[in-house]
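Scroll down for the structure; my scribbles are underneath it.
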Amino acid sequence: MSLVKTNKSRNTFPSLFNSFFENDAFLTNGWFEKELNQSLPALNITETTNEFAIELAAPGYNKSDFKITSEEGVLTITAEKQEETNNQNKRFTRKEFSYESFTRSLQLPENSIPDKIDARYENGLLKLSLPKKEIKVSPVKKEIKVA
(Lines give C-alpha, C1' and ligand atoms only; values in the text may rest on other atoms or scores of the structure.)
Protein backbone atom coordinates (compact mmCIF):
# COMPACT_ATOMS: atom_id res chain seq x y z
CA MET A 1 0.00 0.00 0.00
CA SER A 2 1.36 3.40 -0.89
CA LEU A 3 0.44 6.70 0.63
CA VAL A 4 -0.28 9.49 -1.78
CA LYS A 5 -0.13 13.01 -0.43
CA THR A 6 -2.39 15.51 -2.04
CA ASN A 7 -1.75 19.19 -1.93
CA LYS A 8 -5.01 21.03 -1.37
CA SER A 9 -3.50 24.31 -2.50
CA ARG A 10 -2.68 22.88 -5.93
CA ASN A 11 -5.09 24.32 -8.45
CA THR A 12 -5.08 26.31 -11.64
CA PHE A 13 -4.76 29.66 -9.83
CA PRO A 14 -1.43 30.92 -8.57
CA SER A 15 -0.84 30.95 -4.84
CA LEU A 16 -1.26 34.72 -4.86
CA PHE A 17 -4.99 34.26 -5.35
CA ASN A 18 -5.16 31.64 -2.60
CA SER A 19 -3.50 33.90 -0.05
CA PHE A 20 -5.59 36.86 -1.17
CA PHE A 21 -8.93 35.13 -0.66
CA GLU A 22 -8.02 32.90 2.27
CA ASN A 23 -6.52 35.38 4.71
CA ASP A 24 -8.40 38.59 3.90
CA ALA A 25 -5.17 40.24 2.83
CA PHE A 26 -6.98 43.01 1.09
CA LEU A 27 -8.60 44.12 4.34
CA THR A 28 -5.61 43.68 6.61
CA ASN A 29 -2.64 45.02 4.68
CA GLY A 30 -3.92 48.57 4.34
CA TRP A 31 -4.96 48.17 0.72
CA PHE A 32 -8.49 49.46 1.38
CA GLU A 33 -7.22 52.46 3.33
CA LYS A 34 -4.70 53.30 0.59
CA GLU A 35 -7.41 53.16 -2.08
CA LEU A 36 -9.73 55.33 0.00
CA ASN A 37 -7.04 57.94 0.63
CA GLN A 38 -6.01 58.02 -3.02
CA SER A 39 -9.56 58.76 -4.13
CA LEU A 40 -9.92 61.79 -1.84
CA PRO A 41 -8.30 65.06 -2.89
CA ALA A 42 -5.59 66.56 -0.70
CA LEU A 43 -6.75 69.18 1.78
CA ASN A 44 -4.87 72.00 3.56
CA ILE A 45 -6.34 74.03 6.41
CA THR A 46 -4.69 77.15 7.77
CA GLU A 47 -5.80 79.57 10.47
CA THR A 48 -5.20 83.28 10.77
CA THR A 49 -6.50 85.80 13.26
CA ASN A 50 -9.62 86.51 11.18
CA GLU A 51 -10.35 83.30 9.27
CA PHE A 52 -9.81 79.65 8.51
CA ALA A 53 -8.63 78.95 4.96
CA ILE A 54 -9.23 75.61 3.24
CA GLU A 55 -7.51 74.59 0.01
CA LEU A 56 -8.62 71.42 -1.74
CA ALA A 57 -6.70 70.10 -4.76
CA ALA A 58 -9.25 69.00 -7.38
CA PRO A 59 -7.83 69.51 -10.88
CA GLY A 60 -9.97 68.78 -13.91
CA TYR A 61 -13.27 69.90 -12.42
CA ASN A 62 -15.44 72.89 -13.33
CA LYS A 63 -17.01 75.32 -10.87
CA SER A 64 -20.41 73.82 -11.63
CA ASP A 65 -19.21 70.33 -10.56
CA PHE A 66 -18.98 71.37 -6.89
CA LYS A 67 -21.70 71.39 -4.26
CA ILE A 68 -20.75 72.86 -0.88
CA THR A 69 -23.12 72.73 2.07
CA SER A 70 -22.99 73.68 5.71
CA GLU A 71 -25.41 71.94 8.03
CA GLU A 72 -25.40 71.42 11.78
CA GLY A 73 -21.76 72.40 12.16
CA VAL A 74 -20.49 70.20 9.31
CA LEU A 75 -19.05 71.52 6.06
CA THR A 76 -19.50 69.07 3.17
CA ILE A 77 -17.73 69.43 -0.17
CA THR A 78 -18.99 67.18 -2.97
CA ALA A 79 -17.90 67.10 -6.60
CA GLU A 80 -19.14 65.02 -9.51
CA LYS A 81 -17.80 65.03 -13.05
CA GLN A 82 -18.99 63.09 -16.09
CA GLU A 83 -17.38 63.04 -19.50
CA GLU A 84 -18.60 61.32 -22.63
CA THR A 85 -16.84 61.04 -25.99
CA ASN A 86 -18.11 59.64 -29.28
CA ASN A 87 -15.75 58.78 -32.14
CA GLN A 88 -17.23 57.45 -35.33
CA ASN A 89 -15.22 55.94 -38.14
CA LYS A 90 -16.12 53.99 -41.28
CA ARG A 91 -15.51 50.66 -39.58
CA PHE A 92 -16.30 51.20 -35.93
CA THR A 93 -18.02 53.33 -33.35
CA ARG A 94 -16.35 53.97 -30.05
CA LYS A 95 -18.05 55.59 -27.08
CA GLU A 96 -16.04 56.35 -23.98
CA PHE A 97 -17.23 57.81 -20.71
CA SER A 98 -15.84 58.50 -17.28
CA TYR A 99 -17.33 59.39 -13.93
CA GLU A 100 -15.45 60.82 -10.97
CA SER A 101 -16.77 61.97 -7.63
CA PHE A 102 -15.70 62.63 -4.07
CA THR A 103 -17.12 63.91 -0.81
CA ARG A 104 -15.17 65.49 2.04
CA SER A 105 -16.85 66.49 5.32
CA LEU A 106 -15.27 68.65 8.01
CA GLN A 107 -16.45 69.61 11.47
CA LEU A 108 -16.66 73.40 11.57
CA PRO A 109 -14.94 75.16 14.47
CA GLU A 110 -17.28 76.78 16.99
CA ASN A 111 -15.87 80.22 16.24
CA SER A 112 -16.53 80.05 12.48
CA ILE A 113 -19.40 81.85 10.75
CA PRO A 114 -21.00 79.26 8.40
CA ASP A 115 -23.32 81.80 6.77
CA LYS A 116 -20.37 83.79 5.45
CA ILE A 117 -18.24 81.05 3.88
CA ASP A 118 -16.74 82.13 0.56
CA ALA A 119 -15.65 79.60 -2.10
CA ARG A 120 -13.56 80.08 -5.26
CA TYR A 121 -12.23 77.55 -7.77
CA GLU A 122 -9.12 78.54 -9.73
CA ASN A 123 -6.52 76.46 -11.56
CA GLY A 124 -7.60 73.14 -10.03
CA LEU A 125 -7.68 74.49 -6.48
CA LEU A 126 -10.89 74.99 -4.50
CA LYS A 127 -10.36 77.73 -1.92
CA LEU A 128 -12.76 78.32 0.95
CA SER A 129 -12.61 81.17 3.42
CA LEU A 130 -14.37 80.69 6.76
CA PRO A 131 -14.54 83.95 8.72
CA LYS A 132 -14.14 83.75 12.49
CA LYS A 133 -16.40 85.30 15.06
CA GLU A 134 -15.09 86.62 18.31
CA ILE A 135 -15.96 84.45 21.24
CA LYS A 136 -16.16 86.37 24.45
CA VAL A 137 -15.42 84.39 27.52
CA SER A 138 -17.03 86.01 30.49
CA PRO A 139 -15.49 85.08 33.77
CA VAL A 140 -17.90 83.36 36.07
CA LYS A 141 -17.81 84.75 39.56
CA LYS A 142 -18.49 82.20 42.20
CA GLU A 143 -18.30 82.57 45.91
CA ILE A 144 -16.67 79.69 47.69
CA LYS A 145 -17.67 79.12 51.27
CA VAL A 146 -15.11 77.96 53.72
CA ALA A 147 -16.20 74.92 55.68
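The values are calculated or read from the model by the stated rules, or taken from the named source; none is laboratory data. Computed from a prediction, not measured in an experiment: that's the story for all the values here. With ideal geometry, Cβ positions are generated from the backbone for all residues, glycine too; neighbour counts draw on all protein chains shown.
So, in segment 112-139, of the ones that are at pLDDT 85 or above and in a loop (DSSP other than H, G, I, E, B), which residue ends up nearest to the chain's Cα centre (by Cα)? So that I can check it myself, show each step before the final result.
Restricting attention to segment 112-139, the residues satisfying the condition of being at pLDDT 85 or above are 112-133.
Cutting the leftovers down to in a loop (DSSP other than H, G, I, E, B) gives us 113, 117, 123-124, 133.
Values: ILE113: 23, ILE117: 20, ASN123: 20, GLY124: 16, LYS133: 27 Å.
Selected residue: GLY124.
Working carefully through the options PHE102, PHE97, find the one that is in contact with a Pro (Cβ under 7 Å, 6 or more places away or on another chain) and either of a type outside the set (Asp, Glu) or not in a loop (DSSP other than H, G, I, E, B) (or both). Lay out the reasoning, then the answer.
Working: PHE97 fails: in contact with a Pro (Cβ under 7 Å, 6 or more places away or on another chain).
Every option except PHE102 fails the conditions.
Can you give me the number of residues within segment 71-85 that are of a type in the set (Gly, Ala, Ser) and surrounded by 16 or more Cβ atoms within 10 Å (Cβ to Cβ)?
Matching residues across segment 71-85 total 1.
Report yes if some residue within segment 87-94 is at pLDDT below 85, loosely packed, with under 10 Cβ neighbours inside 10 Å and touching a strand residue (DSSP E or B) at 6+ places or on another chain (Cβ under 7 Å); otherwise report no.
Let us first name the residues in segment 87-94 that are at pLDDT below 85, namely 87-94.
So of that shortlist, the ones also loosely packed, with under 10 Cβ neighbours inside 10 Å come out as 87-94.
This time we only want the ones that are touching a strand residue (DSSP E or B) at 6+ places or on another chain (Cβ under 7 Å), so: 87, 94.
Yes, segment 87-94 has at least one match.
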